[in-house]
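The values are calculated or read from the model by the stated rules, or taken from the named source; none is laboratory data. Note that the coordinates shown come from a computational prediction; the quantities given were computed from them, not determined experimentally. We place every Cβ from the backbone using ideal geometry, glycine too, and count neighbours over all the protein chains shown.
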Amino acid sequence: MTPSPHRPSPASGIDCAIRLLREADLAAYKQLRDGMLAGHPEALTSDAASELSRDAESYRSRLSGGGGGTNLFTLVAWQGQDARHAEMVGAISCEHEARVKVRHVAHIVGMMVSDRLQGRGVGRQLLERALTLLQGEPVLELVTLSVTASNTAAVRLYERCGFSRYGRLEGAIKLPDGRKVDKDLMCLRLR
């Protein structure tokens, strides 16, 4: 699966190039991820301190087919006029089970959008492109994700794209200061 860059119409928000994560993008991916982990500890299940010590090459498993085939793909959003001045402003990964009984289920993980562009359509572009790619995988029937329950903007985005909540995992994340964060569990049937 090798999608071409996808550019939205100006009416859909910020103009970004959406494409698969490449090996040359790993340093930019790490930089975006480190910033998101540090700024939003309640949003992602990984912790900033542990991830900061990883080098960019450790994210090779996020490349298409990486992680022993469990990572289907990672899409990244770039903003900028040319490659020299472009900035990675968002990412979304999709994983899938290799076990026969659950190989029809995909999981969206690691959705992130740069703080300065949140609420401007980048997340929607990434999610819609990911769902298009998942629709093209005939074995897949169901997509799941978890989202911080208090992140109402993200919950609304997922609902607008057809996801519905099927449960809540209370206290899913325990932050270093002792606070606990609930995660909503959501799914979308592809077929």
Picking from H85, H104, the residue that is more than 14 Å from I18 (Cβ to Cβ), out of contact with any Cys (no Cβ under 9 Å at 6 or more places or on another chain) and either of a type in the set (D, E) or surrounded by 16 or more Cβ atoms within 10 Å (Cβ to Cβ) (or both) would be H104
Legend entry - Test: residue in segment 153-174 that is over 26 Å from K101 (Cα atoms), in contact with a Gly (Cβ under 7 Å, 6 or more places away or on another chain), modelled with pLDDT of 95 or more and surrounded by 12 or more Cβ atoms within 10 Å (Cβ to Cβ): yes
Practice item. May I ask you to verify whether S146 is part of a loop (DSSP other than H, G, I, E, B), of a type outside the set (A, V, I, L, M, F, W, C) and surrounded by 12 or more Cβ atoms within 10 Å (Cβ to Cβ)? Key: no
Taking segment 89-106 and keeping residues small (G, A, S), within 14 Å of N71 (Cβ to Cβ) and assigned to a strand (DSSP E or B) leaves A91, S93, A106
With respect to G178, is the statement that it is without any contact (Cβ under 8 Å) to a residue 12 or more places away in the chain, surrounded by fewer than 16 Cβ atoms within 10 Å (Cβ to Cβ) and either in a loop (DSSP other than H, G, I, E, B) or among the aliphatic types (A, V, I, L, M) (or both) true? yes
With the condition kept exactly as written, say whether any residue in segment 107-126 is in contact with a Pro (Cβ under 7 Å, 6 or more places away or on another chain), not in a strand (DSSP E or B) and not small (G, A, S). yes
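Determine whether E137 is at pLDDT 95 or above, surrounded by fewer than 18 Cβ atoms within 10 Å (Cβ to Cβ) and either over 24 Å from A27 (Cα atoms) or among the β-branched types (V, I, T) (or both).
Working: at pLDDT 95 or above: no; surrounded by fewer than 18 Cβ atoms within 10 Å (Cβ to Cβ): yes; either over 24 Å from A27 (Cα atoms) or among the β-branched types (V, I, T) (or both): yes.
So E137 fails the test.
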Requested in this report: Evaluate the following for E159: is it of a type in the set (D, E) and in a helix (DSSP H, G or I)?
Outcome: yes
